[in-house]
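Notes for the one structure printed next.
Please treat every number below as a calculation from the coordinates, not as lab data. None of these values were measured; they are calculated from a predicted model. As a convention, Cβ positions derive from the backbone with ideal geometry for all residues, glycine included, and neighbour counts pool all protein chains shown.
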Amino acid sequence: MRIAAIAVTIPKLTHYTIPSSTIINPLKLNENSEFSWTPLKHDSVLTHSNSGKLAKHWMEYQGINNWEGLLDPLDDVLRSEILKYGRFVEAAYQSFDFDPSSPTYATSKFHKNSILTRSCIGETGYKPTKHLRATCGIQLPGWVDRGPSWVSTRSSWIGYVAVCQDKEEIARLGRRDVVIAFRGTATCLEWLENLRATLTCLPDDVVNVVGPENGGAMVESGFLSLYTSDSDTCPSLQHMVREEIGTVLQTYGDEPLSFTITGHSLGAALATLAAYDINSTFSDAPMVTVISFGGPRVGNQNFRCQLEKSGTKILRIVNSDDLITKVPGFVIDNDDTEMTSNQALNVVGLPRWVRKRVEDAPLVYADVGQELRLSSKECPYLCKEGVVSCHELSTYLHLVNGFVSSNCPFRATAMR
């Protein structure tokens, strides 16, 4: 088995050291940037074009055939759907209270019913049905809880569930779609969870559902902690997702239905875990698709195998210049279908300290799903931007809007 790449060093991120009076909005580029993000309007990305094609072939656009023939060149209908789901993630960012001096810090600024309308992302035809929260599971000294809220906040609003209710939109889509949208990292303790890069086994409740063939499936410790941890006042994100999915299946289970889980950065990792959990928990679950933006690696090769066996479809939107998509840990680039826990890793040629690290800690990851690879360097508006801007959600949506094919990375008529 050959190790293809290593990325064990997490870059220092501004969020760790900012004073409480400073707020960073993940939707914005650097202040010195010549490019600024303007939310794409519903008709600017051809959302309603070729609606008959989408309704007739919606399963292909949800990845039933792993998006074969749709990514290079990028199909215009798929482009508009990717951008639509990106706007749902944008709404999660816009709704989150980033102000650490606010009494509502780390909660949603808007009522559940008004998340989409007040986020100014345009008419969607979807109705939010549930707020979602994630809880940090790191055990910290008691004095931390007496510190400022931006340090001690354990549970924070992470996203929402929305169900398509508009009859015209349902007809355009060819089914009733349910969206689960997750924002990226925002709080101090979420950043600490991100740094817990070693792999850990899935919890017993998931293993028992999947069965003994699940053996060896592992995921990143911090992501799993945020997904499964709870508190005295807040149930786990896993519990909330399962509860809402059960309600949706009971209400709409007798009609064409799809679950689309989308997220950026940390939200992309949580989207992958939620998709796995849904397919593992509900035997009657409809098609489950993940559309992720700038996501880090999530699990090992056996986890990828279990995702594929469950029928989960994942489309990863990756900016090749984004460092976050290259962490954590090592990645394997072969096509082995299984990797047992006692199988030795072939790390010949790597420095001794790297081999020692591999032996001492589970750090071998595997990328999942299909990849749509883009590049900031190919965009005339973004090619001179810094490392941080390569990870912004606005950058990803701009690149998707402009991408044509590997032979034509960026169309000249794309919106700036």
Subject >> Computed lengthening from D284 to K112, 0.36 nm per intervening residue step minus Cα-Cα distance >> reply: 59.2 nm
Subject >> J(HN,Hα) series, segment 94-99, from Karplus relation 6.51 cos²θ - 1.76 cosθ + 1.60, nearest Hz, glycine and proline x >> reply: 5, 7, 7, 8, 7, 6
**OP:** Please turn the phi angles of segment 291-297 into ³J(HN,Hα) values with the Karplus equation 6.51 cos²θ - 1.76 cosθ + 1.60 (θ = phi - 60°), one per residue in order, whole Hz, x for glycine and proline.
**Re:** 10, 10, 10, x, x, x, 5
**OP:** Could you compute the FRET efficiency for S102 and N66, with r as their C-beta to C-beta distance and R0 at 35 Å, rounded to 0.05?
**Re:** 0.20
Original post:
Could you give the nm distance between label points at E123 and Q165, where each point is 7 Å from its Cα heading toward the beta carbon?
Top reply: 1.5 nm
Subject >> Residues with amide H under 5 Å from that of S229, placed H, sequence gap 5 or more >> reply: T135, L237
Subject >> Chain lengthening between T233 and Q250 when straightened (0.36 nm per residue, less Cα-Cα) >> reply: 3.4 nm
Original post:
Can you give the FRET efficiency for K56 and I138, using 1/(1 + (r/R0)^6), R0 = 45 Å, r = Cβ-Cβ distance, to the nearest 0.05?
Top reply: 0.40
Original post:
When the Karplus curve 6.51 cos²θ - 1.76 cosθ + 1.60 is applied with θ = phi - 60°, which whole-Hz ³J(HN,Hα) does each residue of segment 390-403 get, with x for Gly and Pro?
Top reply: 5, 9, 5, 4, 4, 4, 4, 5, 5, 5, 4, 5, x, 5
Original post:
Under 5 Å between amide H atoms, partner at least 5 residues away or on a different chain: which partners does Y160 have, H built in plane at 1.01 Å?
Top reply: L132, A181
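Using the beta-carbon distance between E378 and K326 and R0 = 25 Å, what value does 1/(1 + (r/R0)^6) give for FRET efficiency, to the nearest 0.05?
According to the calculation, E is roughly 0.90.
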Original post:
Restricting attention to segment 80-174, which trypsin sites (Lys or Arg not before Pro) occupy a DSSP loop and are surrounded by at most 16 other Cβ atoms within 10 Å?
Top reply: R146
**OP:** With 26 Å as the limit, write out which pairs from K53/K127; K53/K130; K109/K326; K84/K127; K112/K313 have Cα-Cα distances beyond it, or answer none.
**Re:** K53/K130; K109/K326; K112/K313
